[in-house]
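Accompanying notes for the structure given below.
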Amino acid sequence: MFESAELGHKIDKETFKAEEPKLRAALLETQELLRENGSFPVVILISGVDGSGKGETINVLYEWMDPRYMSTHAFYAPTAEERARPSMWRYWRALPPKGRIGIFAGSWYSQPIAERITNSLSRSDFDQRMDQLNRFEAMLVNEGALVLKFWIHLSKDAQRERLKAIEANPLTKWRVTKASWDRLKTYDKLQEVAGHLLRTSNTPWAPWIIVEGTDDRYRHLTVGKTILESLQKRLADKRDQNSPVAPPFSPRIDRLDVLSSLDMTQSLTKKVYETELSLWQGRLAELMRHPEFRKRALILAFEGSDAAGKGGAIRRITSAMDARQYQLVPVAAPTEEERAQPYLWRFWRHMPRLGRVVIFDRTWYGRVLVERVEGFCTDADWLRAYSEINDFEHDLWRAGGIVVKFWLQISDEEQLKRFDERAKIEHKRFKITEEDWRNREKAGAYHEAVCDMVDRTSSGTAPWTLVEANDKLFARIKILRTICERVEKELKVDPLKLSPVAPPKAVRAASSADAKVEEVSEAKESKTEATKESRADKAREAKAAKAREKARPAA
């Protein structure tokens, strides 16, 4: 794997002096075209062995190019803040926007390499991690990014000599530490791990470029020219960078699907609702304070038909929590800043730390719903989004996140009724817009998109819960119960031993006569309690009077 990087590549001083000015001018010109074009970002990974010149190479790039449109991120051992979130969170936050260049000194490969060298990561787990990183980079490329990965290589002898030279120079001596010499002792293990990494993560969309680091001039020119040629080629390529990656959908011949099969008549009486609400809210509050929850995070995702009751359900959830423990994220059309990043970036930035909760009112599924139906993205974008979303949610789960997803479904008739009510009630008029009315005309397209979404993204670690929301009371209890049961399962705590919500059919079967009997019974109980209370008051008064009589002095 490293044979070509151990041949002793060198560039003489005269050649370098002749090539450098031309390369600098071309890089500046191309960087300006990239900024004006603004259609894709550039992600540059600089990795390699200690002492190979990674830092000097980055410094030269800053000297040759306009640093105002570049950013560099160095990643060391994760901080406490980073350890409390998914491992990819810190890299997502550092991604450059479109038209800019981001340089990663160390990258998402650094931690797996270190863990594999110390044998804290098995070979199979390492391979699985490489597969995940390959899919992550494929997502970046499909979102338009140009990903360039450089591995700066030195032979073992060359590394030893380079460390000695750096240490001998008073201006650079600080760069060589005891850890640098310790890592030289593990050189053979690093080469084994690095060789395997380069083979398994060398993809057509993000190949590794191995550069010999012994000669500074050779290294600088090689990296600079590779960046220049890659940028020029990409800027000149006017072809569509995306292509569909999902197989066609199976036709629903009998018109039976996950939405049409829902029983939309399910409902609860007010009395049952109030009882169940207090019980499940209490249980949710207990679970949020459970010691085991400090090791997990809860991500609640709400999607649904317009006017399906997402807001009301969310309020019943948040009222059971400490406001300092959760964050509510309403998702609307992306901002200019968000459009300059990969699609999932704006959701990654809100991921909670362990022991916290984030609630999304509308979610990352907008790409396969509204963007698909309204044509806000290409077919390739939403077709590949299914696998990207599955990877995203799996990353959250692997890092301790509990992902609970709800789709709230209401019938067309119930939706029309709620729209009319909102239009008439002063404090609810803001909830209804012209877009809501227009969306009703595309109900068929949204129905199909929702069914495809559930089929392709309901996984074992992040399953969909479809909520029959024609009756708001029933929907709220089902949502609360689902959250509690899922958290109980993930925390491995004993489930709450409660009688389940009254069967919907039994609730519907309750006659008005039964309700009347229940009201009469409650009235009698109330009257009996009042009588008992009155008698108790009279007895207390008589006892007090008798005591006063005894205390009166004799005449």
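Regarding region 405-414, can at least one residue be identified that is part of a loop (DSSP other than H, G, I, E, B) and under 23 Å from residue 311 (Cα atoms)? Yes. Residue 194 meets each of the listed conditions (1) touching a His at 6+ places or on another chain (Cβ under 9 Å); (2) part of a helix (DSSP H, G or I); (3) open to solvent by 40 Å² or more (accessible area, probe 1.4 Å) apart from (3). State yes or no: is residue 86 touching an Asp or Glu at 6+ places or on another chain (Cβ under 6 Å), outside any helix (DSSP H, G or I) and crowded, with 17+ Cβ neighbours inside 10 Å? Considered against the rule, which asks whether it is touching an Asp or Glu at 6+ places or on another chain (Cβ under 6 Å), outside any helix (DSSP H, G or I) and crowded, with 17+ Cβ neighbours inside 10 Å, residue 86 comes out as yes.
Restricting to region 64-83, name every residue that is more than 23 Å from the chain's Cα centre (by Cα) and in a helix (DSSP H, G or I). Give the steps one after another, and end with the answer.
From region 64-83, those more than 23 Å from the chain's Cα centre (by Cα) are 64-72; that's our starting set.
Hits for region 64-83 are 64, 67, 68, 69.
Can you confirm whether residue 392 is in contact with a Leu (Cβ under 8 Å, 6 or more places away or on another chain), over 21 Å from residue 41 (Cβ atoms) and modelled with pLDDT of 95 or more? It is false that residue 392 is in contact with a Leu (Cβ under 8 Å, 6 or more places away or on another chain), over 21 Å from residue 41 (Cβ atoms) and modelled with pLDDT of 95 or more. Every condition in (1) open to solvent by 50 Å² or more (accessible area, probe 1.4 Å); (2) free of Cβ contacts under 8 Å to residues at least 60 places away in the same chain; (3) in contact with a Ser or Thr (Cβ under 7 Å, 6 or more places away or on another chain) is met by residue 105 except one, and the failing one is (1). Residues of region 116-130 that are open to solvent by less than 60 Å² (accessible area, probe 1.4 Å) and either basic (Lys, Arg) or in contact with a Phe, Trp or Tyr (Cβ under 9 Å, 6 or more places away or on another chain) (or both): 116, 129, 130. Inclusion of residue 35 among residues that are under 19 Å from residue 226 (Cα atoms), part of a helix (DSSP H, G or I), of a type in the set (Lys, Arg) and open to solvent by 80 Å² or more (accessible area, probe 1.4 Å) is warranted. The listed residues are 339, 346, 362, and the only one of them that is over 19 Å from residue 139 (Cα atoms) and either in contact (Cβ under 8 Å) with a residue 12 or more places away in the chain or not hydroxyl-bearing (Ser, Thr, Tyr) (or both) turns out to be 362.
Within region 21-68, restricting attention to residues that are polar (S, T, N, Q) and in contact (Cβ under 8 Å) with a residue 12 or more places away in the chain, which residue is nearest to residue 158 (Cα to Cα)? Here the answer is 52.
The residue that is surrounded by the most Cβ atoms within 10 Å (Cβ to Cβ), counting only those in region 275-328 that are part of a helix (DSSP H, G or I) and basic (Lys, Arg), is 310.
Within region 88-138, the set of residues being over 30 Å from residue 65 (Cβ atoms) and polar (S, T, N, Q) comprises 118, 119, 120, 122, 124, 128, 132. Residues in region 204-236 that are surrounded by fewer than 17 Cβ atoms within 10 Å (Cβ to Cβ) and touching a helix residue (DSSP H, G or I) at 6+ places or on another chain (Cβ under 8 Å): 205, 209, 216, 225, 232, 235.
With respect to (1) within 30 Å of residue 230 (Cβ to Cβ); (2) in contact with a helix residue (DSSP H, G or I) (Cβ under 8 Å, 6 or more places away or on another chain); (3) among the acidic types (Asp, Glu), the lone exception for residue 143 is condition (2).
Hey, any hits in region 148-168 for a residue that's part of a helix (DSSP H, G or I) and either on the phi > 0 side of the Ramachandran plot or within 33 Å of the chain's Cα centre (by Cα) (or both)? Let's see the steps before the verdict.
As a first pass, look at region 148-168 and keep what is part of a helix (DSSP H, G or I): 156-168.
Filter once more, so that each one left must be either on the phi > 0 side of the Ramachandran plot or within 33 Å of the chain's Cα centre (by Cα) (or both): none.
No: zero hits.
Name the single residue, out of those in region 53-74 being of a type in the set (D, E, K, R) and at pLDDT below 95, that is surrounded by the most Cβ atoms within 10 Å (Cβ to Cβ).
Step by step, filter region 53-74, then rank; the result is 54.
Quick one: would you say residue 393 is among the acidic types (Asp, Glu) and closer than 30 Å to residue 291 by Cβ? Here the answer is yes, as residue 393 does meet what is asked. Per the conditions (1) farther than 30 Å from residue 334 by Cα; (2) within 24 Å of the chain's Cα centre (by Cα), the sole criterion not satisfied by residue 93 is (1).
With the condition kept exactly as written, say whether any residue in region 262-272 is in contact (Cβ under 8 Å) with a residue 40 or more places away in the chain, open to solvent by 50 Å² or more (accessible area, probe 1.4 Å) and of a type in the set (S, T, N, Q). For region 262-272, residues in contact (Cβ under 8 Å) with a residue 40 or more places away in the chain, open to solvent by 50 Å² or more (accessible area, probe 1.4 Å) and of a type in the set (S, T, N, Q): present.
Among the residues making up region 335-349, those that are open to solvent by 40 Å² or more (accessible area, probe 1.4 Å) and either part of a helix (DSSP H, G or I) or farther than 11 Å from residue 92 by Cα (or both) are 335, 336, 337, 339. Against the list (1) of a type outside the set (Gly, Ala, Ser); (2) modelled with pLDDT of 80 or more; (3) open to solvent by less than 30 Å² (accessible area, probe 1.4 Å), the condition residue 164 fails is (3).
Just to check your reading of the model, which residue among 77, 18 is free of Cβ contacts under 8 Å to residues at least 24 places away in the same chain, open to solvent by 20 Å² or more (accessible area, probe 1.4 Å), farther than 25 Å from residue 183 by Cβ and of a type in the set (Gly, Ala, Ser)?
On the way: 77 fails: farther than 25 Å from residue 183 by Cβ.
The match here is 18.
The values are calculated or read from the model by the stated rules, or taken from the named source; none is laboratory data. For clarity, every value in this text was computed on a predicted model and none was experimentally measured. We place every Cβ from the backbone using ideal geometry, glycine too, and count neighbours over all the protein chains shown. For the accessible areas, the whole protein counts, side chains as well, though only heavy atoms, and no ligand, DNA or RNA atoms are used. Shrake-Rupley method; radii C 1.70, N 1.55, O 1.52, S 1.80 Å.
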